[in-house]
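**Student:** Structure incoming, see below.
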Amino acid sequence: MNRVTAVDVSFCQTNVDYNKVKADGIDTVIIRAGFGRETYQKDAQFEEHYKRAKAAGLKVGVYWFSYAYSVAEAKKEAGACLYCLNGRKLDLPVFYDLELGSQTKLGKDTLTAMAVAFCECVKVHGYSAGVYASASWFASYLNYEKLKKQYAIWLAQWRTDSPCRTCDIWQNSDSGKVNGINGNVDTDIIFNADYKGSSATTITTPKYSGIKAVQAWVGTTVDGIYGPDTKKHLVMKLQEELNRQFGMNLIVDGIYGVGTHNAIVVLSYGCRGNLTKVLQGLLICKGYDTNGFDGIYGVGTNSAVKSYQRTHCLNDDGIAGGNTFRSLCA
């Protein structure tokens, strides 16, 4: 007989006692990280679920609920998801949750392409990826065979005997009862714990030796190692320049918050000055060759921006706006 070993949770579950959950035989939790295309759409309980589950020693995976209607929007959702994860270590894949009724009009090819786009963006960042959908979705709206070859499959089919399709995880109920969780909760049975390589790793980016020059310019320790202090000083330089050039009155604290994000000035090919130099410094410290650290948004910087945007699931238009700066400063 199949045994429930996992639950999936979201903002609907609050004040979960994961020690009791674990004592009830559950060893894995899949947490909704958020939904949609914007980073502010992070699930209201994600941080709490993640912290408490890890503290109790449970394995953790996440899912992202899709509201996308195109491949481009699916990529934006992946970017928002990755931003909310902020490099956290996961034990299970990042699952793309496709179930919105209005999406079905897009057809199987488009929906499958959206799933692939999201999953490939996630994989670039070292996470393994998966697709969550109901049995009817996998039958009518997604290319199940194609997705199964590349990603983990999380099948939702609420029945007591067995799932109708081969899957890695089977969500068998939406009305489970588990100690430590108030009310009903989705329960899951895990068949395959390998997940095609599920541990998150640090992504590999192109290597360019120029960090020391950046560190010397922003006035921090010159050791050629990009760490929190160098990032803080780059953000401080960004804030200083926004204040000096545009009178933004930002607090120069090295924290890329809402105020700094809203003050960002869009940079593109042909721009010159210290804001462009900050952009170059951030790219260099992330491992991208801008072909100079000179404050000139030329061919090299344009190419580096596009490469960074592609790697981080952003619109690769070579225009450095708020989303690009927010990702670089994360």
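**Student:** Neighbour counts of other C-beta atoms within 10 Å: give me T110, T14, T290 arranged from fewest to most. Each step should come with its number before you reach the end.
**Tutor:** Details: T110 17, T14 13, T290 26.
The fewest-first ordering by Cβ neighbours comes to T14, T110, T290.
**Student:** So in segment 82-235, what percent of DSSP beta bridges are antiparallel if you round to the nearest 5?
**Tutor:** Working: 5 of 17 bridges.
If I count the DSSP bridges inside segment 82-235, around 30 percent turn out antiparallel.
**Student:** Given springs between every Cα pair under 10 Å in a Gaussian network model of the chain, which of A78, A117, A263 has the largest fluctuation?
**Tutor:** Ranking A78, A117, A263 by mean-square fluctuation puts A263 first.
**Student:** Can you tell me the order of 146-152, 52-58, 231-237, 246-252 when each peptide is scored by its average per-residue count of other Cβ atoms within 10 angstrom, highest first? Could the numbers behind the result be given before it?
**Tutor:** On the way: 146-152: 18.3, 52-58: 16.7, 231-237: 21.4, 246-252: 13.3.
Put in order of decreasing packing, that is 231-237, 146-152, 52-58, 246-252.
**Student:** What are the residues whose amide H is under 5 Å from the amide H of S173, where those residues sit 5 or more places off or on another chain and H is modelled from the backbone?
**Tutor:** Those qualifying (amide H under 5 Å, at least 5 residues apart or on another chain) are T187.
**Student:** Okay, next question. Name the long-range amide H neighbours of S134: under 5 Å, sequence gap of 5 or more, or other chain; modelled H, no Pro or chain starts.
**Tutor:** The answer is A156.
**Student:** If you wrap a convex hull around the C-alpha atoms of the chain and split its volume per residue, what is the figure in Å³? Show your work: numbers first, answer last.
**Tutor:** Values: hull volume 46.9 nm³, N = 330.
That works out to 142 Å³ per residue.
**Student:** Something else: Are there GluC sites (Glu not before Pro) in segment 69-171 that DSSP marks as loop and that have at most 14 other Cβ atoms within 10 Å, and which are they? Walk me through the intermediate numbers first.
**Tutor:** On the way: sites: E73, E77, E99, E120, E145; in loops: E99.
The qualifying sites: there are none.
**Student:** Can you give the extra length, in nm with one decimal, that the chain gains between N274 and R165 once fully stretched, where that is 0.36 nm per residue apart less the Cα-Cα distance? Don't skip to the answer; put the middle values down first.
**Tutor:** Values: separation 109, 0.36 × 109 = 39.24 nm, distance 5.68 nm.
So the chain would gain 33.6 nm between N274 and R165.
**Student:** Grab the Cα-Cα distance for C12 and A72, subtract it from 0.36 nm times how many residues apart they are, and report the gain in nm with one decimal. It would help to have the intermediate numbers written out before the result.
**Tutor:** Details: separation 60, 0.36 × 60 = 21.60 nm, distance 2.91 nm.
Once the chain is fully extended between C12 and A72, it gains 18.7 nm.
**Student:** I would also like to ask the following. Quick one: among W137, W217, W170, which has the greatest mean-square fluctuation in a GNM of the chain with alpha-carbon springs under 10 angstrom?
**Tutor:** Maximum among the listed residues: W217.
**Student:** Let me ask another. Restricting to the chain, compute how many DSSP beta bridges are antiparallel as a %, nearest 5. Mind showing how you got there, number by number?
**Tutor:** Numbers: 11 of 38 bridges.
Expressed as a percentage, antiparallel bridges in the chain total about 30.
**Student:** Still on this structure, please answer the following. Spit out the partnerless Cys residues in the chain, using Cβ distances under 4.7 Å as the pairing rule.
**Tutor:** Taking the Cβ cut-off of 4.7 Å, the unpaired cysteines of the chain are C12, C81, C84, C119, C164, C167, C271, C285, C329.
**Student:** Rounded, prolate or oblate: pick one for segment 211-329, where a ≥ b ≥ c are the square roots of the eigenvalues of its C-alpha gyration tensor, a/c under 1.5 means rounded, and failing that, prolate if a/b is larger than b/c, else oblate.
**Tutor:** Working: a/c = 1.42, a/b = 1.10, b/c = 1.30.
Because its axes are fairly even, with a/c under 1.5, segment 211-329 counts as rounded.
**Student:** Which residue, T260, S136, T5, has the largest displacement toward the positive end of the dipole of the chain when charges sit on each Cβ (Lys, Arg +1; Asp, Glu -1)?
**Tutor:** The one lying farthest along the dipole's positive direction is T260.
**Student:** Then there is this: Calculated from DSSP H runs of 4 or more alone, at -39500 (n - 2.57) each and per residue, what is the 222 nm mean residue ellipticity of the chain, nearest 500? Write down the numbers at each step before the final one.
**Tutor:** Working: 12 runs with 127 residues, N = 330.
Value at 222 nm, helices only, nearest 500: -11500 deg cm²/dmol.
**Student:** Another question, then. Rounded if a/c is under 1.5, else prolate if a/b beats b/c, else oblate: with a ≥ b ≥ c from the C-alpha gyration tensor eigenvalues square-rooted, which is segment 6-190?
**Tutor:** Values: a/c = 1.81, a/b = 1.30, b/c = 1.40.
It is oblate, given that a/c is not under 1.5 and a/b is not larger than b/c.
**Student:** How high is the relative contact order of segment 6-190, given as a whole-number percent (alpha carbon pairs under 8 Å, six or more residues apart)? Write out the running numbers ahead of the final one.
**Tutor:** Details: 385 pairs, mean separation 39.2, N = 185.
In percent, rounded to a whole number, it is 21.
**Student:** Let me ask something else. Measuring from label point to label point, each 7 Å out along Cα→Cβ, what is the I255 to D316 span in nm?
**Tutor:** Simple spin-label model gives 3.5 nm for this pair.
**Student:** Under a GNM of the chain (C-alpha, springs under 10 Å), which listed residue has the highest mean-square fluctuation: D97, D168, D17?
**Tutor:** So, out of D97, D168, D17, the one fluctuating most is D17.
**Student:** Label-point separation (nm) for T104 and R88, each offset 7 Å from Cα along Cα-to-Cβ?
**Tutor:** 3.2 nm
Where a number appears in this text, it was derived from the coordinates with a stated rule and is not lab data. Computed from a predicted model, the values in this text were never measured in an experiment. So basically every Cβ, Gly included, is an ideal-geometry build from the backbone, and we count neighbours across all protein chains shown.
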